[in-house]
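**Q** Attaching a single structure in structure tokens format; questions to follow.
The values are calculated or read from the model by the stated rules, or taken from the named source; none is laboratory data. It should be emphasised that the depicted structure is a prediction, and the values quoted were computed from it without experimental measurement. Glycine gets a Cβ as well: all are built from the backbone with ideal geometry, and neighbour counts include every protein chain shown.
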Amino acid sequence: MSGAFGYDRERGLFHVFRARAVVLATGGIGKAYQITSNSWEYTGDGHVLAYDAGAELMDMEFVQFHPTGMIWPPSQTADTEEEGFRYTQGDKDARRPPELLTRDHVARCIVREIKEGRGSPHGGVFLDISWLKRRLPNAREHIKKKLPSMYHQFLKLADIDITEQPMEVGPTTHYMMGGVRVHPETQMSTVPGLFAAGECAAGLHGANRLGGNSLSDLLVFGQRAGQAAARFAKENRANSIDEAQVETAARQALLPFEDGTGTGKDGGPFQVQQDLQKTMQDLVGIVRTESEMAHALDALSLFRSRSARIRIGGNRAYNPAWHTALDLRNLLTVSEAITRAALERKESRGAHFRDDFPEKDPAAGRFNVIVFRDGAGAMRVRREPVAEMPAHLKQVIEEMK
Ligand SMILES: Cc1cc2nc3c(=O)[nH]c(=O)nc-3n(C[C@H](O)[C@H](O)[C@H](O)COP(=O)(O)OP(=O)(O)OC[C@H]3O[C@@H](n4cnc5c(N)ncnc54)[C@H](O)[C@@H]3O)c2cc1C
């Protein structure tokens, strides 16, 4: 580990950072999918920087889709609206309303409704929370207080008052449980001096993250990463920067400008990105099968060839086509990692649902899927036995039972 190479998106200038330790904290991968709650920054940069540097990725098959909530299915949940309401008020004997099932479950139910032709006009479903007014005297204020941004967004963008009318919602790629494989005490990856924390690191949330747990993850494991990286930097000498590597990185970054002709015949970067997102959404999304994912791998390989041929015009300052051409490289790699890991996990668990293996397999619960680059540069997967839980953690779990 000798540092990092980067560019400044506004001016297009390159920078070389010398560092004895590097902490990756670049967030998730949502932009690999067509529908996502994630911002434009979530292109899997940290995941791929680590992978390219020789680190291992873990749990890449576990991508969380947020359902936004819906009234389905009736089983295992409250029989009546009244029971569901009692649950929300803390009644331990009441069962929860269906929209409060785990995110993966509700998202799958929405997909089933849509596939069976009961979707809403724009390919989602209707979520109606206006019934609260029959239960609470101040329902309108209660909804506005609990869901301020949703209330505001629907009112401003769709002219819909969610305290009175149903809203159209659908599953959206929300959170990546998979990421750089790190040591839980130090957050160091399998590459000495390279650390990762937050959404781009793997391990803490297993197959599914519970709502709210990301922020506590960041506080605890972000601190561990920072402290361990500082310690590492103190205890180790700086490695020299390989100038040839820097030159190669700069040359590769400028490749899309090479002949200055602008968009080639395969479509520009935006078209390739859209095609990639649609493929991941349709073939490696909420419900997965072996044949669809095999098809996705073929498609990804074609997108990679198209991406390598992308040529853009303009210059380096304020050039979104260039940014997208560069983002595509990482999006393609994380998409391939997700697909290969999802093919390897022949069961359904947490956020990963295989229509061809719909049950949880206890034997599969004893390994993690690891994605790594072999000596020839090809992506490989292997199974790694889950480490035995330390005694002090087992004790905490016993105490909580
Ligand atoms: C709509 C929404 C609501 C959520 N609500 C909750 C909630 O209520 N509770 C909860 O616990 N979690 C919630 N989450 C999840 C949580 O917000 C994220 O998992 C968490 O913020 C991730 O933190 P991070 O530090 O890993 O990444 P981020 O906070 O996203 O930071 C990553 C940073 O890295 C930068 N970056 C990315 N790539 C590069 C690059 N190549 N070079 C330089 N910089 C780069 C980005 O610009 C960004 O500033 C929500 C997520 C979303 C999308």
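**Q** In region 341-362, which residues are without any contact (Cβ under 8 Å) to a residue 60 or more places away in the chain and farther than 16 Å from Val287 by Cβ?
**A** As a first pass, look at region 341-362 and keep what is without any contact (Cβ under 8 Å) to a residue 60 or more places away in the chain: 343, 346-348, 357-362.
Correct list: Asp361, Pro362.
**Q** Here's a follow-up. Please specify each residue of region 27-56 satisfying the condition of being at pLDDT 95 or above and more than 16 Å from Ile338 (Cβ to Cβ).
**A** Leu49, Asp52, Ala53, Gly54, Ala55
**Q** Follow-up question, since we're still on this one. I need the full set of residues from region 43-66 which are within 9 Å of the ligand (Cβ to nearest atom) and either assigned to a strand (DSSP E or B) or without any contact (Cβ under 8 Å) to a residue 24 or more places away in the chain (or both), in order please.
**A** His66
**Q** Check Ala363, Ala351, Ala321, Ala341 and return the single one that is surrounded by fewer than 20 Cβ atoms within 10 Å (Cβ to Cβ) and under 23 Å from Gly30 (Cβ atoms). Even if it seems obvious, please write down each step before you answer.
**A** Numbers: Ala363 fails: under 23 Å from Gly30 (Cβ atoms); Ala351 fails: surrounded by fewer than 20 Cβ atoms within 10 Å (Cβ to Cβ); Ala341 fails: surrounded by fewer than 20 Cβ atoms within 10 Å (Cβ to Cβ).
Only one candidate passes the filter, namely Ala321.
**Q** Would you please name the residue that is farthest from the ligand (Cβ to nearest atom), looking only at residues in region 1-42 that are within 19 Å of the chain's Cα centre (by Cα) and small (Gly, Ala, Ser)? Let's see the steps before the verdict.
**A** Taking region 1-42 and keeping what is within 19 Å of the chain's Cα centre (by Cα), we get 23-42.
Next cut, small (Gly, Ala, Ser) only: 25, 27-28, 30, 32, 37, 39.
On the way: Ala25: 5, Gly27: 3, Gly28: 6, Gly30: 7, Ala32: 14, Ser37: 4, Ser39: 7 Å.
Applying the filter and picking the extreme gives Ala32.
**Q** Given Asn208, Asn239, Asn213, which one is touching a Ser or Thr at 6+ places or on another chain (Cβ under 7 Å), modelled with pLDDT under 95 and within 15 Å of the ligand (Cβ to nearest atom)?
**A** Asn208
**Q** Continuing with the same structure: (1) under 28 Å from Val106 (Cα atoms); (2) buried (at least 21 other Cβ atoms within 10 Å of the Cβ); (3) in contact with a Gly (Cβ under 7 Å, 6 or more places away or on another chain): which one isn't true of Leu24, the others all being true?
**A** Result: Leu24 passes all but (1).
**Q** Additional query: From the list Ala233, Ala196, Ala202, Ala228, which one is away from the ligand (no atom under 16 Å from the Cβ), within 24 Å of Met389 (Cβ to Cβ), at pLDDT 95 or above and surrounded by 12 or more Cβ atoms within 10 Å (Cβ to Cβ)?
**A** From the options Ala233, Ala196, Ala202, Ala228, the qualifying one is Ala228.
**Q** Quick check on this structure: which one of Leu219, Leu147, Leu157 is at negative phi, within 11 Å of the ligand (Cβ to nearest atom) and free of Cβ contacts under 8 Å to residues at least 60 places away in the same chain? Reasoning before the result, please.
**A** Numbers: Leu147 fails: within 11 Å of the ligand (Cβ to nearest atom); Leu157 fails: within 11 Å of the ligand (Cβ to nearest atom).
From the options Leu219, Leu147, Leu157, the qualifying one is Leu219.
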